[in-house]
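Below: the structure, in structure tokens.
The values are calculated or read from the model by the stated rules, or taken from the named source; none is laboratory data. Since we're looking at a predicted model, the values are computed, not measured. Note: ideal-geometry Cβ built from the backbone for every residue, glycine included; neighbour counts use all protein chains shown.
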């Protein structure tokens, strides 16, 4: 019944009073636990999770007990995997977990905040000391309908924050600057804090920012931006340069984010959560110097913005030697219909079905096909699900982890 109601064009607006009431009840029930912590909220289309992990790790390493709530994991002393396919959980669960984190003695909470959560008042009663903006690109228009609505939903975080950290290289920052009067900017081309002397490698990135020298163990130019946001947060919280440098450098990885899977095979395999067009583009940009063939495996979720499917298909087709279209969380939507949009996009840029473009709707078989095709020196990119522990089909969730499946097949 709920799935049918959600298809009504006015449904999302009609249920806002219910969401507000739920958030208010949750806050009262758990005593508004967010008010007892120094909350750092991170929003944007891409890079939120990695930025959160970098800030969380940096603060803990510097002796500040810090809680974390992201798409991947949540907790304080120890992290638990986030099993829901949701970044910012419902208000009741959110307040319950914040209460548990606070009772474990945390001083800070690093909270990944989505546009859905902000639109639906899930963070009601949670004060934000520092709000971080990563970037804004095409995503979630099935829910927000327009980019302007999407941008405005995220803007609610900066209206409530005491201080904001904004990506100066993203056009949306001009909009957010009008919502907050106390902010710093960062970037590669622009910003108060700029990355200079950038070195990109498959093992990570290096750059300088004033008298701070940053080195990460996570590759990709986008991780210059993610780590730079963490640098600005660290400076605002009066961490020393050494604490910032060490905290960022010692983070080995974030599950499902540019994870290199090495089981001794003669080719490279990377698993990443990228599923928005801009995120996929950035993954390809980070491996643009790879000398061998690129084989990509990707699919789209059901009941999500269908307009991105041909766009993603084009990106895959343009940057890959071989494209394999497969399933993602199809839910109650026909996987064949979902795949057709991707195939249309890949064919538009010259890919030919059953030659360098393949459709295999069983995700494990699709991954096996890619690994079987790979030769010495090739790169296999498995994109879209990253850290997730299940796949949602019409009959419900099924246990499935890209990283585990890849390791099993390689062994």
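Inspect all residues belonging to segment 165-174 and state whether any of them is in a helix (DSSP H, G or I), in the same structural domain as residue 231 (by TED's automatic domain parsing) and buried (at least 16 other Cβ atoms within 10 Å of the Cβ). Among the residues of segment 165-174, at least one is in a helix (DSSP H, G or I), in the same structural domain as residue 231 (by TED's automatic domain parsing) and buried (at least 16 other Cβ atoms within 10 Å of the Cβ), which makes the answer yes. What number of residues within segment 338-380 are surrounded by fewer than 21 Cβ atoms within 10 Å (Cβ to Cβ) and over 26 Å from residue 390 (Cα atoms)? Final tally of qualifying residues: 13. Annotation: residue 299 fulfils all but one of (1) part of a loop (DSSP other than H, G, I, E, B); (2) under 15 Å from residue 276 (Cβ atoms); (3) out of contact with any helix residue (DSSP H, G or I) (no Cβ under 6 Å at 6 or more places or on another chain); the unmet one is (1). Looking at segment 304-323, is at least one residue closer than 30 Å to residue 64 by Cα, in contact with a strand residue (DSSP E or B) (Cβ under 9 Å, 6 or more places away or on another chain), part of a strand (DSSP E or B) and outside the structural domain of residue 231 (by TED's automatic domain parsing)? Within segment 304-323, none of the residues are closer than 30 Å to residue 64 by Cα, in contact with a strand residue (DSSP E or B) (Cβ under 9 Å, 6 or more places away or on another chain), part of a strand (DSSP E or B) and outside the structural domain of residue 231 (by TED's automatic domain parsing). Among the residues making up segment 177-203, those that are part of a strand (DSSP E or B), more than 14 Å from residue 226 (Cβ to Cβ) and at pLDDT 95 or above are 183, 184, 185, 194, 196, 197.
Of 355, 385, 368, which residue is touching a residue at least 40 places away in the same chain (Cβ under 8 Å) and over 22 Å from the mean Cα position of the chain (by Cα)? None of the others qualify; the one that does is 368.
No other residue among 208, 246 is surrounded by fewer than 19 Cβ atoms within 10 Å (Cβ to Cβ) and assigned to a strand (DSSP E or B) apart from 208. One residue alone among 111, 136, 92 is modelled with pLDDT of 90 or more, over 19 Å from the mean Cα position of the chain (by Cα) and within 27 Å of residue 302 (Cα to Cα), and that residue is 92. Identify, from the list 142, 211, the residue that is more than 20 Å from residue 49 (Cβ to Cβ), at pLDDT 95 or above and out of contact with any strand residue (DSSP E or B) (no Cβ under 8 Å at 6 or more places or on another chain). Result of the check over 142, 211: 211. In the condition set (1) surrounded by fewer than 22 Cβ atoms within 10 Å (Cβ to Cβ); (2) modelled with pLDDT under 95; (3) in contact with a helix residue (DSSP H, G or I) (Cβ under 7 Å, 6 or more places away or on another chain), residue 385 is compliant with all but (1). Residue count for segment 265-288 under the criterion of being surrounded by fewer than 17 Cβ atoms within 10 Å (Cβ to Cβ), assigned to a loop (DSSP other than H, G, I, E, B) and in contact (Cβ under 8 Å) with a residue 60 or more places away in the chain: the result is 1.
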